[in-house]
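What follows is one structure encoded as structure tokens, with my remarks underneath.
The values are calculated or read from the model by the stated rules, or taken from the named source; none is laboratory data. In this text the structure is predicted, and so the values were computed from the model without any measurement. As a convention, Cβ positions derive from the backbone with ideal geometry for all residues, glycine included, and neighbour counts pool all protein chains shown. In case anyone asks, the SASA skips ligands and DNA or RNA and just uses the protein heavy atoms, side chains included. Shrake-Rupley method; radii C 1.70, N 1.55, O 1.52, S 1.80 Å.
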Amino acid sequence: MSYENMNKQIIAAVGGEDNIQSVVHCATRLRFVLKDESKADDAAAAQIPGVLQVVKKAGQYQLVIGSTVEDVYNDLVKMINIENDDSYKSTPKEKKNIFDTVISVITGSIAPAIPLLAGAGMGKVLLLILTISGLLSDKSQTYQILNLIFDTGYFFMPAFIGFSAAKVFNTDQYLGAFMGLVTEHPIWTAMVAAKKPVDFLGMPVQLIKYSSTLITAIISVWIMSYIYKYVKKYTPNMVKIFMVPMLTMLITAPLIFLVIGPISNMISEGIGFISMWLFHNAGIVAIPILAAAYPWFVSIGIHKALSPISIQLVATQGFDPIIRVVALCSNMSQAAASLAVGLKSKNKNLKSLALSSSATAYLGGITEPALFGVNLPLKKPMYGAMIGGAIAGIVASFMKIKAFIYVTPAFLSLPMWVSKTENFVIQAIIVIIVASVATFIATWMIGFDDPVDENNQKTKFDQVHEKHDLKSPVNGKIEPLSEVKDETFASGVMGKGIAVIPSEGKIYAPDDGVVTATFDTGHAIGLHLDNDADILIHIGIDTVQMNGDGFKQLVKKGDHVKAGQELVDFDIDKIKKAGYDPTVMMIVLNSKDFLEVLPVVTKKDEEKDVTTNSNVIVLA
């Protein structure tokens, strides 16, 4: 499927190709960094078919797409030509606080690599299942090769993160990957394994295993970006091609082993320590609270900031007892809330969207369609999901379940809860059931404002209004619309209505409603009435040619008006002197939405004087 038309609209909505500094995607979102975010048209972006929501957070302009985001992204990058250079810095940028900056860096560095990590993780689970079931021996060469393949995803994680981080820091991506790979060189891994003292220029080097780490790679590339910039600035052009990368390597790589790596390792160990302390001492409180709050983290795009904690725990502890558990509770609650909406709603479109979104969340853990398409717009289902997520979090904390790989929790990823020595699949299924039942009941009991199904609007009108009268918009003599000297109006092709030969140059609202259309010429006005009728009041025939002369609008588009409120002043004599017919027409544009639209006059011999207090149309 081609997304060319959709991406053309996306490019226009974000301010054009020249306004795009970078773009990446995660499981469900396009994540733009724009040179000038004020140039983006949020309303236009939100209206693009296929875009579920616009989220602006942590310096990123995010378009929530859903499960097709990768295909959309692949088509998008073929249509644009952007390079990482410094030219955008001449454009004033909005200052971000430290929190937003950190979140932006983490999500931008990790999000592109998450599908790869999830795939490698599920591959390792597949191997585990094959060996447990006896279908494959862990001593066989086939197992060794497959294990090597899937281990690559995590062993060389610093290189993948370094490559992504370089794009975030607007520096050379290959050097970014290099800084990640240098810590995985066979010589270094052999030194670490040997545990013999190592020094560089007489300075001791800490023997740290950097495989499967994130923080070291991100900080290293951040510092490298400054080194690269200054080296590039002061290096003569004739030797830049080799001198810039060489000097960047020569300065940055030793810093990684001597300073950056040890400091980053301390940060990583601190995160692991705090996480495990929470798990053992405060899990009963922390997990339910995080489970209830997690969908709101997703809604503003900062949930990826928790990914380093999860990945770090899996790498250092061998399991994650917190973040993936929280995600399981939240994902299943979002799925259940959407399921409740789908079964309870009378709106066919919402029902279809809610049920399909629920299935996507249950099976694959992709909750954005349910979150942005159903639960968040309706608001109340979010409360049900929060209640269910918190209850499931309490149950999960009591059972102390653990995830052994980093992947999105769902039914299809249940093997993530299995290791060679422990199995929490049954506990995970219990959590899914608790989250689903608690959320479903809470959402059903809280309810939601079910949007009206356009196909059932007439039924709704009949139930609420047996009949409704519209007043005359002007004082004068009423006549059948069919007698108007304009075929478009007289034929009824625009809808049923009435005509009035005005005796006074004032137009009044026929009922309560909202102004939906105004014209620079002042010769017409559109209203959406509270009884769901869409009304056009047209002053005169061909009076648009007067270019507003003799007309004065008293309201503007979007104004709420009351029955009898004056809307337009017009000069009858000026219309006649200009050679135009001043007859006023009031048309019910959506006549087909009502069982009957009955003008009070149907024949010319029934003409009579009417005032703005006279009923001229009956809707039934």
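Numbers at a glance
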| item | result |
| --- | --- |
| Accessible carbon and sulfur surface of segment 263-332 relative to its total accessible area, %, 1.4 Å | 75 |
| Two-decimal ratio, segment 287-396, of alpha-carbon radius of gyration to 2.2 N^0.38 Å | 1.07 |
| Helix 425-446 vs. the chain, principal-axis angle (Cα, 0 to 90°, nearest 10) | 20 |
| Relative contact order computed over the chain (Cα-Cα under 8 Å; 6+ residues apart), in percent | 10 |
| Principal semi-axes in Å for segment 192-262 [√(5λ), Cα gyration tensor, largest first] | 27, 14, 9 |
| Nearest 10 degrees, 0 to 90: helix 307-316 Cα axis against the chain principal axis | 20 |
| Accessible area of the chain divided out per residue, in Å², using a probe of 1.4 angstrom | 47 |
| Share of carbon and sulfur in the accessible heavy-atom surface of segment 456-596 [1.4 Å probe, %] | 46 |
| Folded to 0 to 90 degrees: helix 157-168 orientation relative to the chain principal axis, Cα | 40 |
| Segment 1-71: C-alpha pair distances exceeding 14 Å, % | 54 |
| For segment 93-205, the spread of Cα positions along each principal axis, largest first, Å | 58, 41, 23 |
| Whole-angstrom gap from segment 309-343 to segment 477-505, using each part's C-alpha centre | 63 |
| Ranked by how many other beta carbons lie within 10 Å on average, peptides 41-47, 219-225, 502-508, 324-330 from highest | 324-330, 219-225, 502-508, 41-47 |
| Charge dipole magnitude, Cβ of K and R +1, D and E -1 - the chain, Cα centre, debye nearest 20 | 2700 |
| Net charge of neighbours whose Cβ lies under 10 Å from the Cβ of Leu378, counting Lys and Arg as +1 and Asp and Glu as -1 | 0 |
| Rg and Dmax of the chain, Cα atoms only, in Å | 32.8, 112 |
| Anisotropy class of segment 486-620 from Cα gyration tensor, a/c 1.5 cut | oblate |
| Over 19 Å (Cα to Cα) - which of Lys344/Lys592; Lys351/Lys379; Lys57/Lys351; Lys124/Lys402; Lys471/Lys574 fall in this group | Lys344/Lys592; Lys57/Lys351; Lys471/Lys574 |
